C-alpha cells in the first residue's frame, strides 16, 4: 500500500512487550517501570490478527521487538504463527541477545529468518554500567548460537554515545574485517528517558567516516533500509550508518509500528498514535485502522525544528 506521498509501506515493526531484562541508561529509568496489567498488552492472537490483516494490504516484512521480545511468554508460538502467513516473506527480531543462546534454535525452527542484536560495547564493565545489570558474555554466547543455527545475516546494533563507546569505534569497525557480520552504528535519539541525555552524549555518525576514510560506500540493496552501508577493503562484513538525526531517511521510510499496548505509530518521532482497540470497539475494521495509519504517515519528522516536542514514550514502550 502507498502512503499519501507515494511511499510503499511494506514493513511492520510490532512490539510484543514493554518489559526488559536490562535497564539501559538511555532507554529505561533506573527503578524500572510500572508493569502494565496483562489485559493492557496485546494477546498473541491479537498480534497474529494484526499481522494477518497487514499482509492483506501489502505488508510482507515483519520485525518483532520489545522491550525484550524473548521474555514474552508464547514468543516461539507467535513466530510460528506469523511464518504461516503466506504473504510474509521476512521475519526478523531485535533482541539484546541475553536469552538468545537458549532460544536461537527454537526461533529458527519456528520460522525466524534473522536477528539484530543490540550491543553498545564489548567491555564487560562498561556493558554492566550502561545496562545496569547485564553480562556481556551472555550476549556474545547468543551471537555465536545465532550464527550456528543460521539466523543470518546477523546485525549488531550499536548506539553511538560520546564519552562512552566512541573509543571502541575501531573495535566495532575492525570486527567486519574478519567476520561476515554487519555492524550498524545508530545515532542516539531524543526519546523519552533519553530526550535530555541524548543532547549531552550525541555525536554524529560522520565520526565513523572521519576515522575510517577507507570505508567504501556500497550500493543500497534494500531501499527501505535506514542504513547506509560501507565496507573495508577486503572486509568480510559491512559497516552500516543509521542517521535519524543528522541525515534522516524519511523520504524512503517504509514502516509503521505497533506498540505492545496496541497503539499504531505512523512515525517513530511523533507523539501521534492510533488506538487499535478503541477503534475496534467503534466497529471500525482492523484493515481500515491499518490503512488509516499508513495514510497518516507524515512526510518527515521534525526533530531538528526549534518547535519540536520530544516523544514522551521511551523506546522500550514503543518498540526498539
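The values are calculated or read from the model by the stated rules, or taken from the named source; none is laboratory data. Note that the structure is predicted; figures quoted are calculated from it, not measured. Glycine also receives a Cβ, built like all others from the backbone with ideal geometry; neighbour counts cover every protein chain displayed.
A count restricted to region 122-161 and to residues that are surrounded by 14 or more Cβ atoms within 10 Å (Cβ to Cβ), part of a loop (DSSP other than H, G, I, E, B) and touching a residue at least 40 places away in the same chain (Cβ under 8 Å) stands at 6.
For region 25-36, the criterion of being touching a residue at least 60 places away in the same chain (Cβ under 8 Å), out of contact with any strand residue (DSSP E or B) (no Cβ under 9 Å at 6 or more places or on another chain), within 28 Å of residue 121 (Cα to Cα) and buried (at least 23 other Cβ atoms within 10 Å of the Cβ) is met by at least one residue.
Restricting region 102-121 to residues that are within 16 Å of the chain's Cα centre (by Cα) and assigned to a loop (DSSP other than H, G, I, E, B), which is surrounded by the fewest Cβ atoms within 10 Å (Cβ to Cβ)? Out of the qualifying residues, it is 113. If you filter region 289-320 down to residues that are in a helix (DSSP H, G or I) and in contact (Cβ under 8 Å) with a residue 60 or more places away in the chain, you find that the one that is surrounded by the most Cβ atoms within 10 Å (Cβ to Cβ) is 316.
For region 163-178, a tally of residues being under 23 Å from residue 27 (Cβ atoms), surrounded by fewer than 14 Cβ atoms within 10 Å (Cβ to Cβ) and in contact (Cβ under 8 Å) with a residue 24 or more places away in the chain returns 2.
Just a yes or no: is a residue in region 40-51 over 17 Å from the mean Cα position of the chain (by Cα), surrounded by fewer than 17 Cβ atoms within 10 Å (Cβ to Cβ) and modelled with pLDDT under 95? Yes, because at least one residue in region 40-51 is over 17 Å from the mean Cα position of the chain (by Cα), surrounded by fewer than 17 Cβ atoms within 10 Å (Cβ to Cβ) and modelled with pLDDT under 95. Taken together, 108, 102 contain a single residue that is farther than 21 Å from residue 257 by Cα and out of contact with any helix residue (DSSP H, G or I) (no Cβ under 7 Å at 6 or more places or on another chain), which is 102. The condition of being under 22 Å from residue 252 (Cα atoms), at pLDDT 90 or above and over 19 Å from the mean Cα position of the chain (by Cα) holds for only one of 218, 232, that being 218. Yes or no: residue 286 surrounded by 15 or more Cβ atoms within 10 Å (Cβ to Cβ), under 20 Å from residue 168 (Cβ atoms), out of contact with any strand residue (DSSP E or B) (no Cβ under 6 Å at 6 or more places or on another chain) and modelled with pLDDT of 95 or more? It is false that residue 286 is surrounded by 15 or more Cβ atoms within 10 Å (Cβ to Cβ), under 20 Å from residue 168 (Cβ atoms), out of contact with any strand residue (DSSP E or B) (no Cβ under 6 Å at 6 or more places or on another chain) and modelled with pLDDT of 95 or more. From the list 192, 240, 224, the lone residue that is at pLDDT 95 or above and under 21 Å from the mean Cα position of the chain (by Cα) is 240.
In region 38-57, the condition of being touching a strand residue (DSSP E or B) at 6+ places or on another chain (Cβ under 7 Å) and farther than 17 Å from residue 318 by Cβ is met by at least one residue.
A single entry from 12, 70 fulfils the requirement of being in a helix (DSSP H, G or I), surrounded by 15 or more Cβ atoms within 10 Å (Cβ to Cβ) and either within 16 Å of the chain's Cα centre (by Cα) or at pLDDT below 95 (or both): 70. Restricting region 169-189 to residues that are more than 17 Å from residue 225 (Cα to Cα) and outside any helix (DSSP H, G or I) leaves a set whose member that is modelled with the lowest pLDDT is 189.
State whether the residues of region 270-282 include one that is part of a helix (DSSP H, G or I), in contact with a helix residue (DSSP H, G or I) (Cβ under 9 Å, 6 or more places away or on another chain), surrounded by 18 or more Cβ atoms within 10 Å (Cβ to Cβ) and at pLDDT 90 or above. Yes: region 270-282 contains one or more residues that are part of a helix (DSSP H, G or I), in contact with a helix residue (DSSP H, G or I) (Cβ under 9 Å, 6 or more places away or on another chain), surrounded by 18 or more Cβ atoms within 10 Å (Cβ to Cβ) and at pLDDT 90 or above. Scanning region 73-101 for residues that are in a helix (DSSP H, G or I) and under 17 Å from the mean Cα position of the chain (by Cα) gives 75, 79, 100.
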